[in-house]
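See below for the structure under consideration.
The values are calculated or read from the model by the stated rules, or taken from the named source; none is laboratory data. Nothing here was measured: the structure is a model prediction, and the numbers come from that model. Note that we place each Cβ from the backbone using ideal geometry, even for glycine, and neighbour counts take in every protein chain shown.
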Amino acid sequence: MKDIYIAFLASNYKSGKFIRAFTRTRYSHVALSSSPQLSEMYSFSRQYYNTPFVAGFVRELPSRYLYKGKDTPVKVCKVSVSDARYEQILATIHTFMKNKEQMKYNFLSAFFYPLHKSVKIRDAYICIEFIRFILGIQDFLTIPQLEKRLNDCVVYEGGIRALTSADSATDDYFERKSFFYQVSHTTADLALLIRRLPIK
């Protein structure tokens, strides 16, 4: 048996605060890590700090959640999986990274998330859909539902700063992108999502 770690995060960014206020939940994001210190996390989110609508599969570093010296509340749950399942998860992460340009953020599911609805689009996820896919469990739709399901697996709850020493690691998340970049990529991503809709 090997362990993976599911991190529930309450970021200090405006988008995270809005999601928590709108859904009245404590955590607004969930990510996967192979390390209890969350040295690297994987999820679906915005790709850069100033590109709220350019999003997809991302590798997140703790420094993303320590922006401007602010700490971020996090709950870490340890999930034990078989050796074969663990290798399968690592292979999935590798495949997603290799095909990162094709892995898109599922804006339709994000829109319907407050209604506890999900819209299946090929190679497109929001963070909770990604974790559902990784765990191979389909009987939850929201972050609070997953949090409740993993209630007995909690190994840490507090600020991410005390959990990790990686706050000095570089992260291209803070690389600023031009307005033209944002518009062109957002338009292209939305067009791709529409083409992938399972409409018969």
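Data table
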| read-out | value |
| --- | --- |
| Test: Phe111 is among the hydrophobic types (A, V, I, L, M, F, W, C), more than 26 Å from Tyr86 (Cα to Cα) and within 17 Å of the chain's Cα centre (by Cα) | yes |
| The lone exception for Ser118 - which of (1) out of contact with any helix residue (DSSP H, G or I) (no Cβ under 9 Å at 6 or more places or on another chain); (2) assigned to a loop (DSSP other than H, G, I, E, B) it fails | (1) |
| Filter result for Val79 (among the aliphatic types (A, V, I, L, M), in a strand (DSSP E or B) and under 15 Å from the mean Cα position of the chain (by Cα)) | no |
| Top-ranked residue of region 8-40 - restricted to ones that are out of contact with any Leu (no Cβ under 9 Å at 6 or more places or on another chain), outside any helix (DSSP H, G or I) and of a type in the set (Gly, Ala, Ser), ranked as modelled with the highest pLDDT | Ser33 |
| Close pairs (6 angstrom Cβ cut-off, 6 or more residues apart or separate chains): outside any helix (DSSP H, G or I) in region 142-168, aliphatic (A, V, I, L, M) and modelled with pLDDT of 90 or more anywhere | Val155/Val76; Tyr156/Val76; Thr164/Leu38 |
| Scope region 143-200; condition over 15 Å from Lys75 (Cβ atoms), of a type in the set (S, T, N, Q) and either modelled with pLDDT of 90 or more or surrounded by 13 or more Cβ atoms within 10 Å (Cβ to Cβ) (or both); matching residues | Ser178, Gln182, Ser184, Thr186, Thr187 |
| When residues of region 34-72 are limited to those that are touching a Pro at 6+ places or on another chain (Cβ under 9 Å) and among the polar types (S, T, N, Q), the one nearest to Ile93 (Cα to Cα) | Ser39 |
| Matching residues, region 97-108, being surrounded by 15 or more Cβ atoms within 10 Å (Cβ to Cβ) and out of contact with any Leu (no Cβ under 9 Å at 6 or more places or on another chain) | Met103 |
